[in-house]
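So the structure is just underneath, and the comments pick up after that.
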Amino acid sequence: MELSSEHNQYKKVLIQYLEENQTIFLTEWNETIKINEIDPYKEKVKENGYGMYALVVRTFRGDLSDDMLTKLAHQVAKERLEANINIGDFLYNINLGRNIIIRNIFGAEIPISYLQEFINAINVHFDTFSYHAVTKYTNLTNELIEEKKSYISENHKDKLAVLGQISSSFVHEFRNPLTAIMGFNKLLKRENPQLKYLDIIDYELNQLNFRITQFLHTSKSDFNEEQREEISVLNLIEEIQELTYANIVDASVNVEIDIYPNFFMTASKDGLKQVFLNLFINSIDALKDKEHPRILKVHSLIEENERIIRISNNGPVIASELIETIFEPFVTTKELGTGIGLYVCKKIIESNDGYMKCQSNEDLTTFSIHFPYDG
């Protein structure tokens with residue numbers, strides 16, 4: 001009982017000392033804290049400091065509840081977030097107050113054995129306050145980030161919806177006459193097989209039709225309209241090579257194909273064809289401004305539980321920050337690009353249970369297509 005009596009006695013000494021020296025402690029704290037001039041809550045910073053000091057005193061009086069400490073911590077966290085000021089300044093000010101109190105209470109002439117216990121209590125008080133404040137600040141920050149992400153997503157959907165309306169009108173107005181022109185060009189080829197330039201006209205018409213289809217796909221949520229089938233990737237790549245032959249020759253590109261003859265993928269043939277065609281054309285375009293040799297590589301492999309097709313070129317490196325968004329609509333590396341092609345490719349592959357990746361360094365830029373493989 002004698003020890004308990006001494007304990008209570010020195011606790012009263014500490015409380016009295018804190019109350020009598022409150023002005024001195026808080027003046028030192030006010031003169032050394034970090035407050036940003038643009039902080040809309042800069043006066044509240046000082047007010048909260050006084051509140052925190054009062055709670056320290058109440059800790060030793062024994063009438064401080066957890067709710068009181070948590071309430072102030074949550075209030076401060078909300079103010080710090082709204083002020084948009086570095087949370088580091090807040091933590092600095094909190095620990096500054098802790099250090100000022102601990103450093104100065106030695107003047108209360110309390111025996112070190114009791115003083116150490118009181119210092120431990122002060123540390124627990126400040127640590128608990130910091131924990132609640134930082135946790136609340138983090139939660140509020142995450143909520144704000146989610147709100148912004150949701151807004152961006154909704155805004156993005158609205159843009160796609162508008163684009164979809166434009167695309168539908170665009171496709172309707174252009175596809176009908178384009179189909180007629182393509183049909184008459186086929187008749188001309190059949191009736192005049194020796195006539196020059198018809199192959200070039202046919203290729204360019206197919207390219208125009210391909211671009212129109214890209215705009216149409218951008219507005220669709222469902223890319224999985226066609227039946228899947230077993231596709232020989234080698235045959236399909238050779239077909240793409242023929243379709244892009246004029247571009248390959250014009251750009252002096254050396255195409256290297258290394259695909260297993262028995263390498264098959266289950267997917268929509270027209271969809272996969274569109275993806276390969278887009279990646280071929282992109283690669284050729286990327287190589288046009290590069291010195292020779294200009295190389296386009298197509299490579300197949302089976303790795304773990306995946307069938308993978310890699311289409312690579314030794315053109316300019318794609319910046320790392322652009323790699324992260326390369327498959328998003330309206331993102332492009334081309335001066336006159338629409339930023340739609342890779343987005344459509346990604347959606348087509350995903351609709352067939354696969355996914356796409358992009359890697360780029362000084363040697364090669366590689367777009368890889370991954371499909372599941374169960375062996």
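The values are calculated or read from the model by the stated rules, or taken from the named source; none is laboratory data. None of these values were measured; they are calculated from a predicted model. With ideal geometry, Cβ positions are generated from the backbone for all residues, glycine too; neighbour counts draw on all protein chains shown. Side chains included, ligands, DNA and RNA excluded: accessible areas come from the protein's heavy atoms. Shrake-Rupley method; radii C 1.70, N 1.55, O 1.52, S 1.80 Å.
Here are the numbers for this structure:
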| quantity | calculated |
| --- | --- |
| At R0 = 45 Å, FRET efficiency that the Cβ-Cβ distance of Glu31 and Glu350 yields, to 0.05 | 0.15 |
| Separation of the Glu146 and Glu328 label points, Cα + 7 Å toward Cβ, nm | 2.1 nm |
| Estimated distance in nm for a label pair at Asn235 and Asn95, the labels positioned 7 Å out from Cα along Cα-to-Cβ | 6.9 nm |
| Apportionment of accessible area to carbon and sulfur, segment 56-126, percent (1.4 Å) | 52 percent |
| Segment 18-133, relative contact order in percent, only Cα pairs under 8 angstrom and at least six apart counted | 37 percent |
| Length gained when the stretch Tyr203-Leu187 is fully extended (0.36 nm per residue, less Cα-Cα span) | 4.3 nm |
| Two-decimal Rg to Rh for segment 233-375 - Kirkwood Rh, Cα set | 0.94 |
| Potential lengthening between Asn305 and Tyr50 on full extension [0.36 nm per residue; Cα-Cα distance subtracted] | 85.6 nm |
| Cβ charges +1 (Lys, Arg) and -1 (Asp, Glu), total dipole of segment 1-126, debye | 160 debye |
| Additional length obtainable on full extension of the chain from Tyr131 to Lys288, 0.36 nm per residue less Cα span | 50.8 nm |
| Debye intensity ratio I(q)/I(0), log10, segment 22-65, q values 0.31 Å⁻¹ (C-alpha model) | -1.08 |
| Rounded, prolate or oblate (a/c below 1.5 giving rounded, otherwise prolate when a/b exceeds b/c) for segment 1-85 by Cα gyration tensor | oblate |
| Arg58/Asn139 FRET efficiency (R0 30 Å; Cβ-Cβ; nearest 0.05) | 0.70 |
